[in-house]
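Beneath this line is the structure, given in structure tokens, with notes to follow.
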Protein chains: 2
Amino acid sequence: MALKAIRAGSRNETGIDTAKAQLAARFGDRFQTGEAIRAQHAHTTTYIPAQLPDGVVFPESADEVREIVAIAAANTVPLIPFGTGSSLEGHVNAPNGGISVDMMRMNRVFEVNAEDLDCRVEPGITREELNTYLRDTGLFFPIDPGANASIGGMASTRASGTNAVRYGTMKDNVLALTVVTADGREVRTAHRARKSSAGYDLTRLFVGAEGTLGIITSITLRLQGIPEVISGGVCPFPTIADACNAVILTIQSGIPVARIELLDALQMKACNNYSGLSYEQTPTLFVEFHGNSESVEMQSRHFDEIAADFGSSGFIWTTNPEERARLWKARHNAYWAQKSLIPGAAILSTDVCVPISRLADCVAATHEDIAAHGLTAPIVGHAGDGNFHVGLLFDDKDAADVARAEAFVERLNARALSMDGTCTGEHGIGQGKMPFLEAELGDALDLMRQVKRSLDPQGIFNPGKIFA
Amino acid sequence: MALKAIRAGSRNETGIDTAKAQLAARFGDRFQTGEAIRAQHAHTTTYIPAQLPDGVVFPESADEVREIVAIAAANTVPLIPFGTGSSLEGHVNAPNGGISVDMMRMNRVFEVNAEDLDCRVEPGITREELNTYLRDTGLFFPIDPGANASIGGMASTRASGTNAVRYGTMKDNVLALTVVTADGREVRTAHRARKSSAGYDLTRLFVGAEGTLGIITSITLRLQGIPEVISGGVCPFPTIADACNAVILTIQSGIPVARIELLDALQMKACNNYSGLSYEQTPTLFVEFHGNSESVEMQSRHFDEIAADFGSSGFIWTTNPEERARLWKARHNAYWAQKSLIPGAAILSTDVCVPISRLADCVAATHEDIAAHGLTAPIVGHAGDGNFHVGLLFDDKDAADVARAEAFVERLNARALSMDGTCTGEHGIGQGKMPFLEAELGDALDLMRQVKRSLDPQGIFNPGKIFA
């Protein structure tokens, strides 16, 4: 390979300077190097220190992305694709410097094919913008990771969230992509047919690749009909195990529950305080059903029976849309509710995912761990998928507290892996989960590295993420 | 790269001889070189001429697969993984010679995790064997490509079939794999969690790779609860367009139909003749609903209304299990029914898939094409996915008729691609669809080639398939 490649941890100062000059000449005001804007584009949650890019470029078309890639390749300079900056594991950091490629001006909807339940969009549109656009068509895009993330970012981190138990994750809802590859071509990974056996599944290779294999320039998405009726409510249980067992039986019974979220007692307390609610402060499921009036009634009746069998003191229904919105707003504000438990504390928000039969064990063992170490760490989970989040409150200015937080994350990941789980159900690897991915997949990482080298031989795309 | 690589179209005689001697010494009777067994392992449907391997080896464990790969790599000899031989596009041919690796002795079930609705099996188990094994658990594996294929072959071709409209394809139902890679390691692609954002999606890279990237040694599958109630029936329509429009509205309405199969008038005639039925010989949907008595009743009532709106003369129900089995047996025997239309004729069974809004157009244009060229070619489709099969009857001993058949396939694929479709919804590329994949994905093929070279630098795994 005659191309120069980026070495881990090294900054190519000459290349960066040349690329900056070329980008400034080509993009004018749409290339920025001020510290504030660079800091904003390295914004990262949790304890991972920010590593600023050397500049931020704002392309407005796939052709411009191709030009940017050509400049980066010619100068061996990293490119870090950027959406809304809501990723949690340091995905947008620039450990070797380089250029942040802010995709948010590429937010067009190219087409909506209502009969086929699909659409094609640019990566910079957010999920809320897309759903606003779609409203009149009677369709919606179901994936909801909480944050109003960009569709490109959601594809790149293989996002999912509350609705995944019914509608799947980004892997299941991206039909095709166009991607600008390291050689500066825009490549289409698939056509618009709902299924295909035509060659390697490049679509799903780029979904979840965290921008390390190319820059996504358009995304063909599956859509769903907006349900005629949505109903749901909250259902308190005596213990985490009871709540988890109710979830298992719900899934096993084939009830097509749209959302089934587990909040532990501390999270319920935080939500009550933060959102002015007065639910029982005990392990609770937030549940939602989609369908028509008949099917929703049938699903909820069936669920009610299951919940009662596991000692629930009764399901509190919210059929009223405003009440329902208030309930889910409380769920979506879980992060802010967590923060309110210790004013001024930082939050380390991390996720793991285990087979659902192990969810109760994993959460219970994590509770014991939290108690044994005197931590404050509410838990909220997408229980139908076996995926849960711990929001660990800590003092990010105190090295000892940071070390305690890191040690907790290590134990949490080791626990999930020991239960045949994964170190991340939906946040992705970024920088924060790199050691746990090594522990999880071992030799498979070599295959990932081989694929990375084959598609990005210089290593210009988001270096220092997923694997070293 | 110091390794020797296989050149397209060339036989490495010395390497093959050495590998044969080594395999004979190591595997004794489990390595066979007789012509009959080699011919059986190059069995291929349609007009693609058989290309026999030089020997067939029957491994019984992943460790033995590792040994076989080591021998092939040391001698630069092709390995062609083999299941039941039901693939349709020349997937198991040996254009450069080499060794067929018959996986059918590796047919164990390692574990069934009923609470998690998953299991882990070896690749040589067939879908019927697996479902027999699972029966007492109340679970089943839903993917049904028609043939009693091996699970490994189904994963390798990204198979789907009648149930895919509800349960997805192999891509959606394989949770994890172990694969022996070119360097002789057995690598696990994922853990058993239902979702993960942990690095590149190697699972879906190997699903559909047609044995060109490694040899699958175990497969973790999602399972489903056996539905309490199954009902269905047949529904005749005046025209293909009416039938397709009923399908579109069914899908758009969110009716979770389990099967919705389109048979054209000629296929209905063939099925009536072959299976002793007396249905109307007009475009017809075979439909099936899964659920409990309430939900199945609701789905079928809703579908009935839609069918009536599109001029159906009425839905003929079969709630009786024996009657239902007879109906679906007729559907599954579509291939043999096709053959019965012209005794002695060969069948070219090919598939394409288009967005469902284009299905009626694509089938109608194909009917015109068939009529204009005086062909006999019944059509049967997985209408809910926009996927359909043409069973073209022709005389495989007559060069002119073979040329006519090939020209028809070219027009069919061009038509599907012009409608944003794919050249194969479920059969795979093998040898037969290679030119159409090039037309479909263009530059993306270069990415596939780069991935292939990175994971199989010598080109030992099933060379001459998918792309040249």
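Side notes on the structure shown:
- Nonlocal amide H pairs with A:GLY291, under 5 Å, H built at 1.01 Å: A:GLU228, A:VAL229
- Among the listed pairs A:LYS195/B:LYS452; A:LYS452/B:LYS452; B:LYS329/B:LYS433, a Cα-Cα separation exceeding 24 Å is found for B:LYS329/B:LYS433.
- For residues of A:420-429, the mean tally of beta carbons on other chains within 10 Å: 6
- Cα-based helix-to-principal-axis angle, A:13-27 vs chain A, degrees rounded to 10: 90 degrees
- Centroid-to-centroid separation of the range B:92-121 and the range B:389-408 [C-alpha atoms, Å]: 34 Å
- Taken along the Cα-to-beta-carbon direction at a fixed 7 Å, the label points for A:ARG301 and B:ASP309 span 2.6 nm.
- Distance (nanometres) between label positions extended 7 Å along Cα→Cβ at B:ILE316 and B:ALA407: 3.9 nm
- Within 10 Å of the Cβ of each residue in A:437-448, the mean number of Cβ atoms contributed by other protein chains is 6.
- Whole-number D in µm²/s for the protein assembly as shown (Stokes-Einstein; Kirkwood sum over Cα pairs; 20 °C, 1.002 mPa s): 74 µm²/s
- Protection proxy ranking of B:317-330, A:218-231 - average other beta-carbon atoms within 10 Å, highest first: A:218-231, B:317-330
- In this rough spin-label picture, where each label sits 7 Å from Cα along the Cβ direction, the A:ARG135-A:ALA21 distance is 5.1 nm.
- 7 Å along Cα→Cβ, label-point gaps from A:GLY442 to other copies, nm, shortest first: 4.4
- Both radii are taken from the alpha-carbon atoms of chain A; with Rh as the Kirkwood radius, Rg/Rh is 0.97.
- Residues whose amide H comes within less than 5 Å of that of B:ASP396, counting only those at least five positions distant or on another chain, are B:ALA346 (H built at 1.01 Å from N in the peptide plane).
- At full extension, A:LYS329 and A:ARG30 could sit 104.1 nm farther apart than now, given 0.36 nm per residue minus the alpha carbon distance.
- Arranged from fewest to most other beta-carbon atoms within 10 Å of their beta carbon, B:CYS235, A:CYS271 become B:CYS235, A:CYS271.
- Listed residue (B:ALA444, B:HIS389, B:LEU455) projecting farthest to the positive dipole end of the range B:350-468, Cβ model: B:LEU455
- For the range A:229-335, Kirkwood radius (reciprocal of mean inverse C-alpha pair distance, Å): 13.7 Å
- Spatially proximal aspartates and glutamates relative to A:LYS171 (Cα-Cα < 15 Å; intrachain offsets below 8 disregarded): A:ASP118, A:ASP144, A:ASP201, A:GLU210, A:ASP385, A:GLU426, B:ASP172, B:ASP201
- Counting only DSSP beta bridges whose two residues both lie in the range A:13-104, roughly 20 percent are antiparallel.
- Dipole-positive endmost among B:GLY428, B:SER160, B:PRO145 within the protein assembly as shown (Cβ charges, Cα centre): B:GLY428
- By the Kirkwood approach, averaging reciprocal distances over each pair of separate Cα atoms, the range A:342-446 gets a hydrodynamic radius of 14.0 Å.
- Measuring how big the range A:58-157 is from its alpha-carbon positions, Rg and Dmax come out at 15.1, 47 Å.
- A straight Cα-to-Cα reach below 21 Å connects B:LYS397 with the lysines B:LYS339, residues fewer than 8 places away in its own chain not being considered.
- Whole-Å semi-axes of the range B:228-427's equivalent ellipsoid (Cα gyration tensor): 29, 19, 13
- With its label point put 7 Å out from Cα toward Cβ, B:ALA399 sits 8.4 nm from the same residue's point in the other copies, in order from shortest.
- In chain B, the DSSP-assigned H stretches of four residues or longer account for a calculated mean residue ellipticity at 222 nm of -11500 deg cm²/dmol, using -39500 (n - 2.57) per stretch and the full residue count as denominator.
- When restricted to Cα atoms, the range B:28-73 yields an Rg and a Dmax of 12.5, 36 Å, respectively.
- Annotation for the range B:164-234 versus the range B:305-376: alpha-carbon center distance of 29 Å.
- For B:LYS452, B:LYS195, the sequence from fewest to most other C-beta atoms within 10 Å is B:LYS452, B:LYS195.
- Cβ-vector label at 7 Å, A:THR14, separations to other copies in nm: 4.5
- Each residue of the range B:328-343 was assigned a 3J(HN,Hα) from its phi angle through the Karplus expression (A = 6.51, B = -1.76, C = 1.60, θ = phi - 60°), giving 6, 5, 4, 5, 5, 8, 3, 4, 5, 4, 4, 4, 5, 5, 9, x Hz with x at Gly and Pro.
- Contour excess over end-to-end distance, with Cα ends at B:LYS4 and B:SER293 and 0.36 nm allotted per residue: 97.8 nm
- Its relative contact order, with pairs defined as Cα atoms under 8 Å and 6+ residues apart, puts chain A at 17 percent.
Only the coordinates and a few stated rules stand behind these numbers; no lab work does. Computed from a prediction, not measured in an experiment: that's the story for all the values here. Every residue, glycine as well, gets a Cβ built from its backbone with ideal geometry; the counts of neighbours run over all protein chains shown.
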